[in-house]
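Read the figures in this text as sums done on the coordinates, not as results from a lab. Just so it is clear, the model here is predicted, and its values are computed rather than measured. Ideal geometry is used to build each Cβ from the backbone, glycine not excepted, and the neighbour counts take in all protein chains shown.
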Amino acid sequence: MPETTFIPVGKQSRAFRDALGCFATGVTIVTIATDHGPMGFTANSFASLSMDPPLVLWSPAKSSARFAHYASARHYAVHILGQDQPDLIARFIRGGPGFEGMSYHRNAEGVPLIPNTLARFECEQHATHEGGDHLIIVGRVLRCAQREGAPLVFAMGQYGGFAPES
Ligand SMILES: Cc1cc2nc3c(=O)[nH]c(=O)nc-3n(C[C@H](O)[C@H](O)[C@H](O)COP(=O)(O)O)c2cc1C
């Protein structure tokens, strides 16, 4: 096994980012309704938090141009991407086309929903917490949905599929 190297964590540390990249995550698109239309945000900071009450969390950067919309949104939906949906990632990062030319529907709260993602959590904002240069947004899950398929996995700056051991 290769030896672990200890590197001091400084401001904007590449080493810190690289070490964090060893933690594999899924990829989500968090959607909200705004006065300017539907909005989506590619995020991998999603995590499950509580079963009772049902809570999930994610964290947008305060530096994001879309931050104010997400911090104040009362309702939102977190879409978990399937392995067959990597094309959605680039749509919802900075400069991406967003919902342009894409079909979607809206839930009872008016939140835009992307059809056919691997899973979806429709949320109501429950709490926010300070998180340095990010804001931790905790949502209470009102509804969830799931389809058959494997998740898209993000690790070490790359996307891939999920290969179970057995
Ligand atoms: C795989 C992936 C995961 C990301 N996860 C987050 C995240 O959890 N929080 C965040 O603030 N930005 C995240 N980003 C970056 C945002 O999607 C977005 O590009 C960034 O906020 C800047 O865009 P904006 O200023 O137009 O909002 C992620 C990007 C990628 C490609």
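Taking chymotrypsin sites (Phe, Trp or Tyr not before Pro) across segment 66-166, the ones in a DSSP loop with at most 15 further Cβ atoms lying within 10 angstrom of their Cβ are Tyr104, Phe162. Distance from the Cα centroid of segment 20-48 to that of segment 90-166 is 5 Å (rounded to whole angstrom).
Determine the dipole magnitude for segment 25-155: charges of +1 sit on the beta-carbon of Lys and Arg, -1 on that of Asp and Glu, nothing else is charged, the reference point is the Cα centre, and the result goes in debye to the nearest 20.
Working: 10 positive and 11 negative charges, 21 e Å.
Around 100 debye, computed over segment 25-155.
Sequence-ordered 3J(HN,Hα) estimates for segment 150-166 from the Karplus curve with 6.51, -1.76 and 1.60 and θ = phi - 60° stand at 10, x, 7, 10, 10, 7, 6, x, 10, 9, x, x, 9, 10, x, 5, 9 Hz, glycine and proline given as x. Near the amide H of Arg106, within less than 5 Å, lie the amide hydrogens of Leu113, all on another chain or at least 5 residues away, with H placed in the peptide plane. Measuring r between the beta carbons of Thr128 and Glu165 and using R0 = 45 Å, the FRET efficiency lands at 0.75. When the chain is treated as a GNM with alpha-carbon contacts under 10 Å, the residue of Gly21, Gly101, Gly139 showing the greatest mean-square fluctuation is Gly101. Karplus-derived 3J(HN,Hα) values for segment 75-86, using 6.51 cos²θ - 1.76 cosθ + 1.60 with θ = phi - 60°, are 10, 7, 10, 9, 9, 8, 7, x, 4, 8, 10, x Hz; glycine and proline are entered as x. For segment 26-33, 3J(HN,Hα) computed residue by residue from phi via the Karplus equation (6.51, -1.76, 1.60; θ = phi - 60°) reads x, 10, 10, 10, 9, 10, 9, 9 Hz, glycine and proline entered as x.
Relative contact order for the chain: 26 percent, from Cα pairs under 8 Å spaced at least 6 residues apart, divided by residue count.
Extension gain Met102-Arg140, at 0.36 nm per residue separation less the Cα-Cα distance, in nm?
11.0 nm
For the chain, what does the helix formula give at 222 nm: sum of -39500 (n - 2.57) over DSSP H segments with n ≥ 4, over the residue count, nearest 500 deg cm²/dmol? Don't skip to the end; give the middle numbers.
Working: 3 runs with 18 residues, N = 166.
The helix contribution divided over the chain gives -2500 deg cm²/dmol.
Between His126 and Val138, Gly139, Arg140, the built amide H atoms are under 5 Å apart, and every one of these is 5 or more places off in sequence or on another chain. R0 = 35 Å: FRET efficiency of Leu113 with Arg14, Cβ-based, nearest 0.05? Here the calculated transfer efficiency is 0.40.
Quick one: order Ser45, Ser63, Ser166 by neighbouring beta-carbon count within 10 Å, fewest to most.
Values: Ser45 16, Ser63 8, Ser166 2.
Going from sparsest to densest Cβ surroundings: Ser166, Ser63, Ser45.
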